[in-house]
Amino acid sequence: MVAVSATDAKGFQLLGTWLQNGKFSYTASILAFVLQYIQALMVNGFVNEHRMTTRASYLPGMSYLLITSLLPDWTYLSAPLVSATFIIWSINTLFHLYNRSAANSAIYNIGLYLGMASLFYFPSLLFVVCIYIGLAVLRPFRLNEFFLVLVGLTTPYYFYALYLFLTDQFHWRSLFPAIVFKLPVDTASIWLSGAVLLLLIPFLFGGYYIQTHLRRMVIQARKNWSICLFWALVALAVPFISTGSRLQTWVLVAAPFAVFHAAAYLYPPRKWFGVILFYLFVAFVLAQQYASAFWKG
């Protein structure tokens, strides 16, 4: 299923329309699953590569797939889901900047990935705040690097504006969607409340265990954890911008939360805690899918 909304950027509207008019109705579902799997691999990769935990594991990727299964809306092909791929890519590139002398090309690419993300879901531009905070944490202040992020960010819009101009369709409203601040209010349900609890409880436990193990980590890992916390905060703020009442917008919190959830599985001295937590997730997802199928039937 593909979820297209008027608040989505032009890039996803074109993609969604093409998929809806296609011959194969399951193409969008397959693409959504592939994107989620790729995103899980990317999250798992940068956690292990940058030694953000005491040992390498597949827990970050597993956590990401569990989190994105909590709500049916998060399994649909949506603009925030496509945008999340580029956001994770930009954060992963950001982590590689520590102690790197020649980083201009990488910094430009970070802005470019974020600009591509905003072409599918415009409110994802807010993540530029996280990028700038990450640059301030990882590297000494250089004004040209902050400017390079903006250059990369505006590059996709330059070519899009050029296309609109050459086709005699140029207008500022078509180039930049309107920004509207709204409360993302959805119909409350027991399933939504359960999903929120399963998101927050492992996140709080993971944050506690990270804090207790922080002194044993290398400096880069400590800084990366700080960036992940800002990442989570920005992701929680994004749904308040031009989103209406769709639950799909909250899928952007899955990646930073998965990193903290992985710590909740890895660090507890009692191994049964992680096992119980895992089966609670699985039981909740299965019960929700069964209930939704029952009520539809």
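The values are calculated or read from the model by the stated rules, or taken from the named source; none is laboratory data. Everything numeric here is computed off the predicted structure, so don't read it as measured data. Cβ coordinates were reconstructed from backbone atoms using ideal geometry, including for glycine residues, and neighbour counts include every protein chain displayed.
Residue under question is ILE110, and the condition is that it be β-branched (Val, Ile, Thr) and touching a residue at least 60 places away in the same chain (Cβ under 8 Å); does it hold?
Numbers: β-branched (Val, Ile, Thr): yes; touching a residue at least 60 places away in the same chain (Cβ under 8 Å): no.
No, not satisfied.
Out of all the residues in region 222-270, which are of a type in the set (Gly, Ala, Ser), buried (at least 18 other Cβ atoms within 10 Å of the Cβ) and at pLDDT below 90?
Here is the first cut: in region 222-270, the residues of a type in the set (Gly, Ala, Ser) are 226, 232, 235, 237, 242, 244-245, 254-255, 258, 262-264.
If we keep only those that are buried (at least 18 other Cβ atoms within 10 Å of the Cβ) too, we end up with 232, 235, 242, 254-255, 258, 262-264.
Answer for region 222-270, where residues must be of a type in the set (Gly, Ala, Ser), buried (at least 18 other Cβ atoms within 10 Å of the Cβ) and at pLDDT below 90: just SER242.
Keeping to region 177-212, report how many residues are over 28 Å from GLN289 (Cβ atoms) and modelled with pLDDT under 90. Can you show your working first?
First, the residues of region 177-212 that are over 28 Å from GLN289 (Cβ atoms): 177-183, 207-212.
Okay, now just the ones that are also modelled with pLDDT under 90, so 177-183.
Count: 7.
Report yes if some residue within region 21-42 is at pLDDT below 75, closer than 21 Å to ILE87 by Cβ and in a loop (DSSP other than H, G, I, E, B); otherwise report no. Break it down into steps so the answer makes sense when it comes.
Applying the first criterion (at pLDDT below 75) to region 21-42 yields 21-26.
Subsequent filtering for residues that are closer than 21 Å to ILE87 by Cβ retains none.
Among the residues of region 21-42, not one is at pLDDT below 75, closer than 21 Å to ILE87 by Cβ and in a loop (DSSP other than H, G, I, E, B), which makes the answer no.
Under 7 Å between Cβ atoms, which residue pairs at least 6 apart in sequence (or on different chains) link something in region 265-276 that is without any contact (Cβ under 8 Å) to a residue 12 or more places away in the chain with a partner that is of a type outside the set (Lys, Arg)?
Final answer for the pair search is GLY274/TYR265; GLY274/PRO268.
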